[in-house]
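To start, the structure itself, in structure tokens.
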Amino acid sequence: MKNKHKILVNWVGYITVLSLLISCKHHEDEYHSITDKIEAKSKSFHATSTTSELHTKHLNTIKITEGEHTFLIPERTGEITSFACTECHSSPLKEMKGTASKKAHWNIKLQHADEHTMNCISCHNGDNMDQLQSITGTPINFNKSYQLCSQCHSKQFTDWKGGAHGKQVKSWAPPRTALTCVNCHNPHKPHFESKWPVRYNTQKIKERE
């Protein structure tokens with residue numbers, strides 16, 4: 001019994017000494033634990049707040065929330081020449097056809113899907129030109145024209161909301177600002193033409209000759 005008590009006392013003493021050796025702060029630059037070091041170093045750390053506001057302050061933006069994503073996009077209507085559209089489209093479109101009124105958009109040739117799938121009224125509301133409209137006729141504000149695109153391009157829409165498709169303005173620093181579909185794509189002709197690389201490959205030219 002005495003031996004067991006002696007062994008127990010020795011173990012307690014050993015553990016106590018070991019704890020003191022591990023936790024003891026020997027010098028000014030040493031710390032009891034990594035947590036103590038982080039807390040001590042943090043006291044004199046003055047971080048600079050990172051923001052993209054300096055880069056986007058020239059833009060007129062609006063805040064949108066799509067699913068779990070909230071971010072800024074450029075306001076659209078202010079960029080459209082002669083908005084509101086009803087300043088000229090004072091009557092329903094079908095009543096303006098054949099009249100002597102100025103025809104500002106008749107030169108637009110739609111190159112978006114095929115003619116059996118899309119035409120003007122697939123996106124424009126002929127009875128209210130100040131609004132776009134979904135496939136089911138639901139009004140869509142010009143500022144949220146991406147909602148039109150999302151009807152068919154759902155994969156790209158999901159990627160855009162998360163930031164994997166399209167362009168962020170200057171920085172990922174908050175507040176996040178993203179360009180919309182129409183900032184890069186012409187909605188009447190969204191396909192990008194093929195381009196040669198900026199650097200001219202003379203070796204390939206020689207190989208083709």
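The values are calculated or read from the model by the stated rules, or taken from the named source; none is laboratory data. Predicted, not measured: the structure shown is a model, and the values here were computed from it. We place every Cβ from the backbone using ideal geometry, glycine too, and count neighbours over all the protein chains shown. Only protein heavy atoms, including side chains, enter the accessible area calculation; ligands, DNA and RNA are left aside. Shrake-Rupley method; radii C 1.70, N 1.55, O 1.52, S 1.80 Å.
Observations on the model:
- Leading residue by the ranking (modelled with the lowest pLDDT) among those in segment 66-105 that are of a type in the set (Asp, Glu) and loosely packed, with under 14 Cβ neighbours inside 10 Å: Glu95
- Filtering segment 133-143 for residues that are under 11 Å from the mean Cα position of the chain (by Cα) and open to solvent by 50 Å² or more (accessible area, probe 1.4 Å) leaves an empty set.
- Residue in segment 56-63 that is under 30 Å from His165 (Cβ atoms), part of a helix (DSSP H, G or I), modelled with pLDDT of 80 or more and open to solvent by less than 90 Å² (accessible area, probe 1.4 Å) present: yes
- Any helices (runs of 4 or more DSSP H) falling wholly within segment 145-201 and containing at least 1 residues that are under 22 Å from Lys109 (Cα atoms): 146-150, 181-184
- Pairs where the first residue, in segment 115-128, is on the phi < 0 side of the Ramachandran plot and the second is at pLDDT below 90, C-beta under 7 Å, 6+ apart: Gly126/Pro92; Gly126/Leu93; Gly126/Lys94; Asp127/Pro92
- Which numbered condition Cys152 misses (of (1) open to solvent by less than 40 Å² (accessible area, probe 1.4 Å); (2) closer than 30 Å to Pro175 by Cα; (3) hydrophobic (A, V, I, L, M, F, W, C)): (1)
- Close pairs (9 angstrom Cβ cut-off, 6 or more residues apart or separate chains): closer than 30 Å to Pro74 by Cα in segment 42-59, among the aromatic types (Phe, Trp, Tyr) and surrounded by 10 or more Cβ atoms within 10 Å (Cβ to Cβ) anywhere: Ser52/Trp172
Residue by residue, here is whether (1) charged (D, E, K, R); (2) modelled with pLDDT of 95 or more; (3) farther than 28 Å from Thr117 by Cβ holds:
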{"position": "Thr158", "(1), (2), (3)": "no, yes, no"}
{"position": "Lys161", "(1), (2), (3)": "yes, yes, no"}
{"position": "Ser171", "(1), (2), (3)": "no, no, yes"}
{"position": "Pro175", "(1), (2), (3)": "no, no, yes"}
{"position": "Val198", "(1), (2), (3)": "no, no, yes"}
